[in-house]
Amino acid sequence: MSITKYPARHHWSKVAKNLGLTEGLVYLKGDVLKERHDTDVELIFRQESNFYYLTGLAEHDGHVVYDIKTQKMTLLPYKLPDDHIVWMGMPPTIAELHAKYDADSIRWSTELLAAINESGASTLYVLRKEDAPEGVNLTINDEVLKDAIVTARMYKSSFEIEAMRKINHISSNAHIALMKAAKNAQSEVELDALFRYETARFGARAQAYEPIVGVGANAATLHYGRNSASFNGNHNQLCLVDAGAELGYYASDITRTFPLNGKYTGDAKTIYEIVLQMQKAVLAALKPGVQWEDMHRLASRIAVEGLQKAGVLKTEFSVEEMLEQHIDGVFFPHGLGHMIGLDVHDVGGYPKGVDRIQAPGLQYLRMRRALEPSFVVTVEPGVYFVEFILNTAKNNASISKYMNWDVVDRFAKVGGVRIEDCVVITETGIDNLTTVPKEIAEIEAIMA
């Protein structure tokens, strides 16, 4: 029998197991509806991810309590005041809510205090002490719940993986639509708008993050978000598109870099081939037990080897020496990827007691841990020519000596290349959720 409801009670069972307690009440509050300052114009509402994980409720001002002893979950949606009905429409009935949500009991938000104080529990477990409602007569504990939820969310269920497969499919097709439109497009914002349209028309009205559409030098800004440059008739440049929509609160995160004129040539093709090799090597190496930082180092090695072969780095120095001096960080200045799920940069990247590595590139890793089955991660290597970083390197003799600056300056016109997929870690390797082509011949065929 297929699941028609969001599996909130299954998620609660994972959280309860992680808590390891025999009694107590867990409480989470949903996010509230907000308005722009000094107006009654409502901001776009997006539910708090932990609350959604444990309820499936995407509406504002809700609450949920879970009795650890009885293993019963009570959902308390917002009770719409009668004088709001003319504006908002008739609210659902309790029976209709039971048909929609995976809850043992459903009561209105006005009954929250009664639901807590009449539970017979001694302790109320919350994410933050300030979340506890006024008038609660239980002992408040805010020390254990967060870790229990984070650990549960790290391991994606089959329901979650299929949800992420669906949004990756929608976002992948949107990327393909941009490739097909690029030759006739005149600006970054035109491609930005097309991506939003192509995802919204298949039900994904929200973006997991603001799209990045950068051509030429703009592609060297890692989180470039202006998306406002005109192409000025120059289609002889690369376009980096980092964009992923959200569906049912699950995120996608995909990057492709393609030539506006439909043909990879010269230095742009060289850099693209290096990044493609970086990603393919990592994807082939991913499996349970491998350390994420080792995957970053694998990508860094391929970057240095490729840049040396291209003449950007001098051949009289060994790859090992340049890696020891972190020359890779000049051209690959961000981490390899991150967890993804209900949030695009999802929870669980750093276990307790694990610190960041203080080295160029590696210091920005969003994850340092061994991979496990049911993790979903992004793999997004890149090579960039960032003016600020290059100027700093040029003025540092210990780094500058490794560079062929005439060649660096020539390649700087490329801007940057990044390729990114979302993958599930399986028992033996990976399941790649992203379906946008990335081989040069495939992209050129799409754009022909």
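For segment 360-385, a residue qualifies if it is closer than 30 Å to Met154 by Cβ, in a loop (DSSP other than H, G, I, E, B) and either modelled with pLDDT of 95 or more or not assigned by TED's automatic domain parsing to the domain that holds Ala217 (or both), and the qualifying residues are Leu365, Arg366, Met367, Arg368, Arg369, Leu371, Glu372, Pro373, Ser374, Phe375, Glu380, Pro381. The C-beta contact set for segment 192-209 (first residue free of Cβ contacts under 8 Å to residues at least 60 places away in the same chain, second residue crowded, with 18+ Cβ neighbours inside 10 Å and part of a loop (DSSP other than H, G, I, E, B), distance under 8 angstrom, 6+ apart or interchain) comprises Asp192/Pro211; Asp192/Asn227; Leu194/Ala185; Phe195/Pro211; Arg196/Pro211; Gln207/Gly244. Do you know which residues across segment 386-413 are surrounded by fewer than 19 Cβ atoms within 10 Å (Cβ to Cβ) and not in a helix (DSSP H, G or I)? Hits for segment 386-413 are Asn395, Asn396, Lys401, Asn404. The single residue among Leu124, Leu138 that is surrounded by 15 or more Cβ atoms within 10 Å (Cβ to Cβ), over 20 Å from Asn18 (Cα atoms) and in contact with a Ser or Thr (Cβ under 8 Å, 6 or more places away or on another chain) turns out to be Leu138. It is to be established whether one or more residues within segment 77-88 are more than 15 Å from Ala148 (Cβ to Cβ), at pLDDT 95 or above, in a loop (DSSP other than H, G, I, E, B) and out of contact with any helix residue (DSSP H, G or I) (no Cβ under 8 Å at 6 or more places or on another chain). The answer is no; no qualifying residue exists.
Scan segment 13-44 for residues that are among the hydroxyl-bearing types (Ser, Thr, Tyr), under 30 Å from the mean Cα position of the chain (by Cα) and farther than 20 Å from Pro133 by Cα and the total you get is 1.
Within segment 203-221, the set of residues being out of contact with any strand residue (DSSP E or B) (no Cβ under 7 Å at 6 or more places or on another chain) and surrounded by fewer than 17 Cβ atoms within 10 Å (Cβ to Cβ) comprises Arg205, Glu210. Hey, does segment 339-346 have a residue that's touching a Gly at 6+ places or on another chain (Cβ under 9 Å), within 20 Å of Leu283 (Cβ to Cβ), surrounded by 14 or more Cβ atoms within 10 Å (Cβ to Cβ) and at pLDDT below 95? No: zero hits. Of the residues making up segment 414-447, just one is assigned to a loop (DSSP other than H, G, I, E, B), over 17 Å from Leu178 (Cα atoms) and under 16 Å from the mean Cα position of the chain (by Cα), namely Leu433.
Checked against the criterion of being within 23 Å of Ile116 (Cβ to Cβ), without any contact (Cβ under 8 Å) to a residue 12 or more places away in the chain and crowded, with 18+ Cβ neighbours inside 10 Å, the candidates Leu28, Leu80 yield just one match: Leu80.
The values are calculated or read from the model by the stated rules, or taken from the named source; none is laboratory data. All of these numbers come straight from a predicted model, not from anything done at the bench. With ideal geometry, Cβ positions are generated from the backbone for all residues, glycine too; neighbour counts draw on all protein chains shown.
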